[in-house]
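Asks: This is the structure, below, for whatever I ask next.
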Amino acid sequence: MLIYFLIITTVLFTVFVLFSYWQELKYRNKPYYRLSDVGWRKCQPSPQAEVVHSIAFLGDVGAVSIDGTDPVLRLLQEWQHSAGANGSVLFLGDNLYPVGLPAEDNRHYHTAKERLDHLLGIVKSYDGKSIFLSGNHDWNKGRKRGLEYVLRQEKYVVEALQDECSYLPRHGCPGPDAIQLAEGLLLIIINTQWWVQRGEKPLGKAQGCQYNNIEEFFLRLNKLLRRNRHQRIVIAAHHPLYSNALHGGKFTMKQHIFPLTAAHKRFYIPLPIFGSLFPFYRKMFGAYEDMSHRKYRKMRKRLLNIFHQYSNIVYVAGHDHNLQHFEVRQNHYIVSGSASKTSFVKKGGKATFTIEQKGFFVLNYYNTGELWLEAVAANSDEASSKPGFVLFRKELHPMLQPVEKVSE
């Protein structure tokens, strides 16, 4: 009986694994749409609407090719030409892999500098705004001495672009920094890496920050949102608050059965059951960069408690290497982290749209007050006349009711 039980259990487990893997293969690299958004192609801005300001969000751009053939950078240049001076490019952190911009005697320095110079060369000639944020890799992969790394990158970018607002928040501070992009459209930038960073983190006026107590950050952010309830507010950061991917605790069946492929893609050594220990740990406890880690979890809870009080917020982040959109409590949460890498993203859940493909999200704000979101994918065919194509389009909800600006 025991032998039959073991055989049946093994067969059922194998069937379950193969079926799950087949299901993942079916929709991997294919877009997922919430049922109510399947007909997105029919949705268009009003005929009389004209774009007032456009924002391109490129997350995790740190591994782009610099030989002129990179499909995402070609798509970005096409977008720059189309948007013109009424546009902003935001690099959402992890601008340089693997450890940001190290010291000149570090073996990674010349590669990092070459890649950063290439990015800066593309945005230097652009008439619109270009703003860099920092991510965990820019902070020496979140390890000690990370502040030294991010300050070096900040100094390099600001000097190259001759713009004090080209790297925000400044000095490695938490923020929030606000920029009025257009009448009715406010951009707020926060440094989420500050909360999960190990080692030194700047705080206080002596280090160039606005306050000495981190609680003041949340008070200032809430006050900023309250005073601008009459506007559309876009919040840019590195870490997502919702995600159906790795940092949100989502793993593929392959990662459960062949966990060593995380170290090298050719390490196909089956370790069933034991292989699930690593995904379980990442899901329940998490590394510093995971949503389940206590520091990340605490930051996320505090931010969402504030955001849930409002209904005019679009929060955009990178970190996970895919494109995702969530609509939660009348606010929108976007992951735009596939500018140079892609990774698995699970369909369904609270997501309205997901895809594992290189590209980025664009927000278009119109003179009619409409705010439209577009996911654009890069075309890897160099011979094609089109550098990219639209995968998803959605009008982000209109303001429920305009309110008078609250005075301080």
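Asks: Label V390 and K113 with points 7 Å out from Cα along Cα→Cβ: what is the distance between them in nm?
Replies: A separation of 4.3 nm, rounded to one decimal place.
Asks: Assign one of three labels to region 141-222, namely rounded, prolate or oblate, based on the Cα gyration tensor with a ≥ b ≥ c the square roots of its eigenvalues; rounded applies when a/c is under 1.5, prolate when it is not and a/b is larger than b/c, and oblate otherwise.
Replies: On the way: a/c = 1.97, a/b = 1.16, b/c = 1.70.
It is oblate, given that a/c is not under 1.5 and a/b is not larger than b/c.
Asks: Given axes a ≥ b ≥ c from the Cα gyration tensor, I'd like to know whether region 301-400 is rounded (a/c under 1.5), prolate (a/b larger than b/c) or oblate. Numbers along the way, then the final one.
Replies: Details: a/c = 2.54, a/b = 1.46, b/c = 1.73.
Oblate.
Asks: In the neighborhood of W40, defined by Cβ-to-Cβ distances under 11 Å, what is the net charge if each Lys or Arg adds +1 and each Asp or Glu adds -1? Could you put the intermediate results ahead of the total?
Replies: On the way: positive: R34, R41, K42, R393, K394; negative: D37, E374, E395.
Here the charged neighbours net out to +2.
Asks: May I pose another question? Can you sort I313, I306, I269 by how many other beta carbons sit within 10 Å, fewest first? Don't skip to the end; give the middle numbers.
Replies: On the way: I313 21, I306 15, I269 11.
Listing I313, I306, I269 from fewest to most nearby Cβ atoms yields I269, I306, I313.
Asks: Can you give me the relative contact order of region 301-363 as a percent, contacts being Cα pairs under 8 Å and 6 or more apart?
Replies: Values: 128 pairs, mean separation 19.7, N = 63.
Relative CO of region 301-363 lands at 31 percent.
Asks: Using 0.36 nm per residue of separation minus the Cα-Cα distance, give me the extension gain between K42 and D67 in nm, one decimal. Before the final figure, lay out the partial values.
Replies: On the way: separation 25, 0.36 × 25 = 9.00 nm, distance 3.76 nm.
Gain on extension, K42 to D67, equals 5.2 nm.
Asks: With Cβ to Cβ distances under 11 Å as the rule, what net charge do the other residues near V52 carry (K, R +1; D, E -1)? Walk me through the intermediate numbers first.
Replies: On the way: positive: R232; negative: E50, E183, E370.
Neighbour charge sum, excluding V52 itself: -2.
Asks: Now, a different point. Classify region 92-137 from the C-alpha gyration tensor, please: rounded if a/c falls under 1.5, else prolate or oblate depending on whether a/b exceeds b/c. Intermediate results must be reported in sequence, preceding the final value.
Replies: Numbers: a/c = 3.38, a/b = 1.60, b/c = 2.11.
Oblate, because a/c is 1.5 or more while a/b does not exceed b/c.
Asks: In angstroms, what radius of gyration and Dmax does region 47-130 have, counting Cα atoms only?
Replies: Expressed in Å, the Cα Rg and Dmax of region 47-130 come to 14.6, 57.
Asks: Ok, one more. Please work out the FRET efficiency for the pair I7 and Q77, using the Cβ-Cβ distance as r and a Förster radius of 60 Å; give the result to the nearest 0.05.
Replies: Numbers: r = 59 Å, r/R0 = 0.99.
Efficiency, from the Cβ-Cβ distance: 0.50.
Asks: Another question about this same structure. Please give the FRET efficiency for H230 paired with V328, using the beta carbon to beta carbon distance and R0 = 25 Å, rounded to the nearest 0.05.
Replies: Numbers: r = 22 Å, r/R0 = 0.87.
E(calc), rounded to 0.05, equals 0.70.
Only the coordinates and a few stated rules stand behind these numbers; no lab work does. Note that this is a predicted model, so its numbers are computed, not measured. Cβ coordinates were reconstructed from backbone atoms using ideal geometry, including for glycine residues, and neighbour counts include every protein chain displayed.
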